[in-house]
């Protein structure tokens, strides 16, 4: 299986095409996800719109996050979001696409992570890893 390293600003250029190609599911586990509706050209907002477009075309998009603000923001969208109330933080940054591709790393879904921070993530085209991460996602979703 082919893995690809994502360093810093290359995240949206590498991940948006994967989001646009999703056929059935996108599962997201993220500490922080920000939306910038007034800044449509920001790379993060291009990413956000790709995720929203995927949900609108019938891809099941679900997100587990640490922040209620994210679930509140997504309430009227076709993206299902769940905010965990636990004694532990959801600090992971994971995207699972169609049960075949997993993106794991340090990138939060924010303007700072996409532009300014020193971030590293990995795209793994490995159904076994994606399956294990999907189990982890489902356990969080059901908790």
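The values are calculated or read from the model by the stated rules, or taken from the named source; none is laboratory data. What you see is a predicted model, and the numbers here were worked out from it, not measured in a lab. Note: ideal-geometry Cβ built from the backbone for every residue, glycine included; neighbour counts use all protein chains shown.
Restricting attention to the range 60-76, the residues that are modelled with pLDDT of 95 or more and either crowded, with 21+ Cβ neighbours inside 10 Å or over 19 Å from residue 137 (Cβ atoms) (or both) add up to 3. Every condition in (1) assigned to a loop (DSSP other than H, G, I, E, B); (2) surrounded by 15 or more Cβ atoms within 10 Å (Cβ to Cβ) holds for residue 41 except the one numbered (2). Entry remark, the range 1-11: residues being in contact with a helix residue (DSSP H, G or I) (Cβ under 6 Å, 6 or more places away or on another chain) and assigned to a helix (DSSP H, G or I) number 1 in total.
Can you tell me which residues in the range 81-99 are surrounded by fewer than 17 Cβ atoms within 10 Å (Cβ to Cβ) and under 20 Å from residue 128 (Cβ atoms)? Passing the criteria: 98, 99. Summed over the range 12-31, residues that are surrounded by 17 or more Cβ atoms within 10 Å (Cβ to Cβ) and in a loop (DSSP other than H, G, I, E, B) total 2.
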